[in-house]
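I have placed the structure first, in the form of structure tokens, so that the comments after it can refer back to it.
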Amino acid sequence: MKRFRLNREFSLPLPKPRASQLPELQTGRLLLRPWRRSDDRDLFAYARDPQVGPAAGWPPHTSLADSRKVLERFITGDEPVYAIELLRTRTVIGSVGIHRDPRRSGEHARMLGYVLSSEYWGQGLMPEAVNAVAASLFSQPQIQVLSIYCYSTNPRSRRVALKCGFQYEGTLRQGTKRFDGALLDDECYSLLREDYQRAKAAEAV
Ligand SMILES: CC(C)(COP(=O)(O)OP(=O)(O)OC[C@H]1O[C@@H](n2cnc3c(N)ncnc32)[C@H](O)[C@@H]1OP(=O)(O)O)[C@@H](O)C(=O)NCCC(=O)NCCS
């Protein structure tokens, strides 16, 4: 098995699991799997929606070509990104990215970023996906902390973080200048390995 150097500096890319090395994760309703080039239309279908991208910091896609470019980055980029496939329909309805945490140095931390097609909001699907990714990441001994950052204008994402056991840490006021020039406050949430394990142990009782 190929071994990767530890990521000790922000500038180094994360160890890159190739598409085939990203473990598939199945939940009750979802399959989290690597992206495929044939997912381009599913990606465009939700990424064109102005309710979706701007809440996560990126502009809506305006053409299938935009989605293909992003898809290429998902497939070949340095940071792993899961496609969220709805088992019932076999369509891809969102993504969960596993990123370097820009506010924490070291390879013990990962930041999660996620979006879901607005057609499927409010059914608890993203908490289901995030819980599966958290379990998978904490099965790796070096991972000690996961983070989620959301704009203070995004109560839905805040709820996902809290429902998945992440704790509010504070707000970085005007932490982001978005693509459209908006200055937004970043709310910071994190989940420590020890808290995750304690919660899992309590659930098991
Ligand atoms: C944030 C997001 C992933 C939530 O996913 P989800 O699967 O809908 O999450 P949930 O079903 O747990 O819903 C989260 C909360 O939003 C509320 N909500 C969901 N859809 C809603 C809607 N259309 N209108 C109002 N509230 C809504 C839910 O009631 C829930 O709160 P509750 O647990 O107190 O009831 C999704 O809204 C999304 O993709 N938004 C755009 C991109 C984005 O914001 N990404 C995160 C960037 S940090």
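We did not get these values from a lab; they are worked out from the coordinates using the rules stated. What you see is a predicted model, and the numbers here were worked out from it, not measured in a lab. So basically every Cβ, Gly included, is an ideal-geometry build from the backbone, and we count neighbours across all protein chains shown.
Some points to look at:
- Whole-angstrom gap from the range 31-74 to the range 152-205, using each part's C-alpha centre: 23 Å
- For the chain, DSSP calls about 90 percent of its internal beta bridges antiparallel.
- Measuring nothing but how far apart in sequence close Cα pairs (under 8 Å, 6+ apart) lie, relative to its length, the chain scores a relative contact order of 17 percent.
- Computed over the chain, the Cα gyration tensor eigenvalues convert (square root of 5λ each) into semi-axes of 24, 21, 19 Å, ordered from largest to smallest.
- Between residue 24 and residue 58, full extension at 0.36 nm per residue minus the direct alpha carbon distance yields a gain of 9.6 nm.
- 19 Å reach of a label modelled at residue 49, 7 Å along Cα-to-Cβ, counting backbone N of the range 148-172: 151, 153-161
- Computed E for residue 201/residue 36 - FRET, C-beta separation, R0 45 angstrom, nearest 0.05: 0.75
- Packing here is the average count of other Cβ atoms within 10 Å per residue, and on that basis the peptides 68-74, 178-184, highest first, run 68-74, 178-184.
- From most to least packed by mean Cβ count within 10 Å, the peptides 140-152, 162-174 give 140-152, 162-174.
- Think of it as helices only: each DSSP H run of n ≥ 4 in the chain is worth -39500 (n - 2.57), and spread over all residues that comes to -8500 deg cm²/dmol at 222 nm.
- With the simple model of a label 7 Å out from the Cα in the direction of the Cβ, residue 194 to residue 90 spans 4.7 nm.
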